[in-house]
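The values are calculated or read from the model by the stated rules, or taken from the named source; none is laboratory data. Just so you know, these numbers come straight off a predicted model, no measurement behind them. Note: ideal-geometry Cβ built from the backbone for every residue, glycine included; neighbour counts use all protein chains shown. The accessibility values were calculated without ligands, DNA or RNA, using every heavy atom of the protein model including side chains. Shrake-Rupley method; radii C 1.70, N 1.55, O 1.52, S 1.80 Å.
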Amino acid sequence: MNHRKLSAGETAGTYRITDTVTEAELLSIAKAFARRRLARGRKITQPALAFEYLQILLQDYEHEVFSAIFLDSQHRVICFEELFRGTIDAASVYPREVVKQALAHNAAALILVHNHPSGNPEPSDADRRITQRLKEALGLVEVRVIDHIVVGIDNCVSLAEQGDL
């Protein structure tokens, strides 16, 4: 990680802060690490592996953001992309656009992700319905939806782990 106020620690994957950092800089560093963990080629075998990084990236929004992690056939990350922005309690999601992006990235699978600005990560009925619609639309072009993760302030909820996928 290249950051002017960080230097490599003695152990691989550790860092030392070399100068005073503000809260904003610390959050920026955390987001950079999270983006790196969701970078091309990283393998995601369980939803929990992505929770922490997704929470760092999406928890601060004051509006809903609907995103996707596009994956290859081995569940390695192709890219993480924000697809739709909404209001404080909803985002309009268009299956056609999600299918277009999945095909553009040549994805074999994807993980749907969105935040709840209220902080409560419990999926709504609307979340379950759009997940089913996207699963059906993407299934027509042989792209699997392997999860839909809802990000809250303190934790994330996986619809796959809840048996809703």
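For segment 144-165, the set of residues classified as over 13 Å from residue 58 (Cα atoms), open to solvent by less than 20 Å² (accessible area, probe 1.4 Å) and not in a loop (DSSP other than H, G, I, E, B) consists of 145, 147, 148, 157, 158, listed by residue number.
When every residue of segment 129-142 is checked against the conditions, at least one turns out to be open to solvent by less than 80 Å² (accessible area, probe 1.4 Å), within 23 Å of residue 45 (Cα to Cα) and not in a helix (DSSP H, G or I). Here segment 69-101 is the region considered, the condition is being more than 18 Å from residue 159 (Cβ to Cβ) and among the aliphatic types (A, V, I, L, M), and the residue that is nearest to the chain's Cα centre (by Cα) is 77.
How many residues are outside any loop (DSSP other than H, G, I, E, B), hydrophobic (A, V, I, L, M, F, W, C) and open to solvent by less than 70 Å² (accessible area, probe 1.4 Å) when one looks only at segment 67-123?
First, pick out the residues of segment 67-123 that are outside any loop (DSSP other than H, G, I, E, B): 67-71, 76-85, 95-104, 109-115.
Now drop any that are not hydrophobic (A, V, I, L, M, F, W, C), which leaves 68-71, 77-80, 83-84, 98-99, 102-104, 109-113.
From what is left, the residues that are open to solvent by less than 70 Å² (accessible area, probe 1.4 Å) are 68-71, 77-80, 83-84, 98-99, 102, 109-113.
Total satisfying the criteria: 18.
For segment 6-54, the set of residues classified as over 28 Å from residue 78 (Cβ atoms), part of a loop (DSSP other than H, G, I, E, B) and in contact with a strand residue (DSSP E or B) (Cβ under 6 Å, 6 or more places away or on another chain) consists of 9, 18, listed by residue number.
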